[in-house]
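Novice: Let me begin by handing over the structure; questions about it come next.
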Amino acid sequence: MKRTILILTAAVAVCFAAVAPAIAGHPTAVTAKKKKKPKTYNVAIHDNFYAPASKTIKVNDSVNWKWPSDVGDTHDVKLVKAPKGVKKWKSNGYTVLASYKKKFTKAGTYNIICTFHPESMSMVIKVKK
Ligand SMILES: [Cu+2]
């Protein structure tokens, strides 16, 4: 009887030893398959320009426009040209301390203007796959 228990105990130990590395290895395997985390890029709003005025990002990255801490002229952010099927958007106009964030889920070229200064204030965002 004692011998049977001993054999059983050994069998359980062997089984656990076989399973344990698989459990321990699981999170690593999942992490390795994960895609790169999307990024958020800041664009500063000034009188009267965006900085930077052009930016290349990847699909699912975001751009966050930030109005200055010192009161300036009123500016906004309006998408005027985008790849087919992308819905156009426009922020409100602000003079100070605001932000407006947009995610880009489709590859292509996006043209953005400030509707208060459409002649001088524009930017291009290129979204790569
Ligand atoms: Cu403006």
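The values are calculated or read from the model by the stated rules, or taken from the named source; none is laboratory data. Just so it is clear, the model here is predicted, and its values are computed rather than measured. Heads up, the Cβs are rebuilt from the backbone with ideal geometry, glycines too, and the neighbour counts pull from every protein chain shown.
Novice: Which one is nearest to the ligand (Cβ to nearest atom), of the residues in region 75-89 that are surrounded by 15 or more Cβ atoms within 10 Å (Cβ to Cβ) and under 22 Å from the mean Cα position of the chain (by Cα)?
Specialist: Taking region 75-89 and keeping what is surrounded by 15 or more Cβ atoms within 10 Å (Cβ to Cβ), we get 75-79, 82, 86.
Still in the list and also under 22 Å from the mean Cα position of the chain (by Cα): 76-79, 82, 86.
Details: D76: 7, V77: 9, K78: 10, L79: 15, A82: 20, V86: 22 Å.
Restricting to residues being surrounded by 15 or more Cβ atoms within 10 Å (Cβ to Cβ) and under 22 Å from the mean Cα position of the chain (by Cα), the top hit is D76.
Novice: Here is a further query. Filter region 108-129 down to the residues that are touching a Phe, Trp or Tyr at 6+ places or on another chain (Cβ under 9 Å), surrounded by 15 or more Cβ atoms within 10 Å (Cβ to Cβ) and not in a strand (DSSP E or B) and list them by number.
Specialist: C114, H117, M121
Novice: Quick check on this structure: which one of V80, V63 is modelled with pLDDT of 95 or more, outside any loop (DSSP other than H, G, I, E, B) and within 14 Å of H117 (Cβ to Cβ)?
Specialist: V80
Novice: I'm trying to understand the selection: among the residues of region 90-104, which are within 12 Å of the ligand (Cβ to nearest atom) and not in a strand (DSSP E or B)?
Specialist: If the condition is that a residue be within 12 Å of the ligand (Cβ to nearest atom) and not in a strand (DSSP E or B), then S91, G93, T95 are the ones that fit.
Novice: While we're here: Please go through region 56-72 and pick out each residue that is in contact with a strand residue (DSSP E or B) (Cβ under 9 Å, 6 or more places away or on another chain) and small (G, A, S).
Specialist: Within region 56-72, S62, G72 qualify.
Novice: Taking region 34-67 as the search range and keeping residues that are of a type in the set (A, V, I, L, M) and out of contact with any Lys or Arg (no Cβ under 9 Å at 6 or more places or on another chain), which one is nearest to T95 (Cα to Cα)? Steps first, please.
Specialist: Here is the first cut: in region 34-67, the residues of a type in the set (A, V, I, L, M) are 43-45, 51, 53, 57, 59, 63.
With out of contact with any Lys or Arg (no Cβ under 9 Å at 6 or more places or on another chain) added as a condition, the list becomes 51, 53.
Values: A51: 16, A53: 19 Å.
Among those that are of a type in the set (A, V, I, L, M) and out of contact with any Lys or Arg (no Cβ under 9 Å at 6 or more places or on another chain), it is A51.
Novice: Report yes if G72 is within 16 Å of the ligand (Cβ to nearest atom), part of a loop (DSSP other than H, G, I, E, B) and among the small types (G, A, S), otherwise no. Let's see the steps before the verdict.
Specialist: Numbers: within 16 Å of the ligand (Cβ to nearest atom): yes; part of a loop (DSSP other than H, G, I, E, B): yes; among the small types (G, A, S): yes.
It is true that G72 is within 16 Å of the ligand (Cβ to nearest atom), part of a loop (DSSP other than H, G, I, E, B) and among the small types (G, A, S).
Novice: Any idea which residue in region 52-67 is nearest to S122 (Cα to Cα), counting only those that are crowded, with 17+ Cβ neighbours inside 10 Å and not aromatic (F, W, Y)?
Specialist: The selected residue is K55.
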